[in-house]
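First up is the structure itself, then whatever we jot down about it.
The values are calculated or read from the model by the stated rules, or taken from the named source; none is laboratory data. Small disclaimer: the values here were computed from a predicted structure and weren't measured. As a convention, Cβ positions derive from the backbone with ideal geometry for all residues, glycine included, and neighbour counts pool all protein chains shown. Note: accessible area is taken over every heavy atom of the protein model, side chains too, but ligands, DNA and RNA are not part of it. Shrake-Rupley method; radii C 1.70, N 1.55, O 1.52, S 1.80 Å.
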Amino acid sequence: MHESQGMTRRTVLGLMAVLLAAVALAFGRYRYQVQNQRVQEARALAQSALDSFADFQGTREEASFRQGTVAFHAFYRASRDLPEMLPPMSQTCNRVQAYLLYQPERAKQHMEPLMDGLAALAKDPSSMDAYEDLNTFLQEVHVPGTEG
């Protein structure tokens, strides 16, 4: 009888280990799916901003610029919590957003690097090339002696 209790204990422990592994696997898959969904959302928002700014470039309609600014803000909010989003990337997006909101006339004069960056972000929200383009935008719009 003593031997059968040991066998039962090992069986129970084995089943618990299998159950724990299954739960860990399911949780890992869930996290991957949520992460993938967040990346897809960020890509779509970057594309939306790019499309709106492209419309603005063609029509010069203020509504298109505002839509691009709103879409960029939504991209920033969606992407800043991604693990791939390093603090310097987040800071760059925050500064771009500030120029779009508070110095739109300057931003409108330097749309090319912004749009290049958005095109790269629409493919990969953690693209270092995109952030180089956004930093180029920031260098072009910056007025020495001003905040931003």
Dipole in debye (nearest 20) - the chain, about Cα centre, beta carbon charges: Lys, Arg +1; Asp, Glu -1
820
Roll a 1.4 Å probe over the protein chains and send me the accessible area per residue for the stretch 28-70 in Å².
65
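Report the net charge of residues surrounding Pro88, where surrounding means a beta-carbon distance below 13 angstrom and charges are Lys +1, Arg +1, Asp -1, Glu -1. Intermediate values should be presented prior to the final figure.
Details: positive: Arg80, Arg95; negative: Glu84, Glu132.
So the environment of Pro88 carries a net charge of 0.
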If packing is taken as the mean number of other Cβ atoms within 10 Å per residue, what is the order of 116-122, 47-53, highest first?
116-122, 47-53
Test of understanding: what is the full-extension gain from Glu132 to Gln57, defined as 0.36 nm times their sequence separation minus their Cα-Cα distance?
24.9 nm
The chain: calculated mean residue ellipticity at 222 nm from DSSP helix runs of at least 4, using -39500 (n - 2.57)
-29000 deg cm²/dmol
How large a share of the accessible area of the chain, in percent, is made up of carbon and sulfur atoms when the probe is 1.4 Å and the other protein chains stay in place?
56
So what's the stretch 1-91 giving for Rg/Rh, alpha carbon basis, Kirkwood Rh from the mean inverse pair distance?
1.47
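Could you state the orientation-averaged shadow area of the convex hull built on the Cα atoms of the stretch 17-148, in nm² to one decimal?
For the stretch 17-148, the mean projected area of the Cα convex hull comes to 8.6 nm².
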Taking the stretch 79-148 and dividing mean pair separation by its residue count, relative contact order in percent (alpha carbons under 8 Å, at least six apart)
36
Averaging over every viewing direction, what projected area does the convex hull of the Cα atoms of the stretch 68-142 cover, in nm²?
4.2
List the DSSP H helices in the chain whose Cα atoms stretch 30 Å or more along the helix axis and whose mean Kyte-Doolittle hydropathy is at least -0.5.
2-59
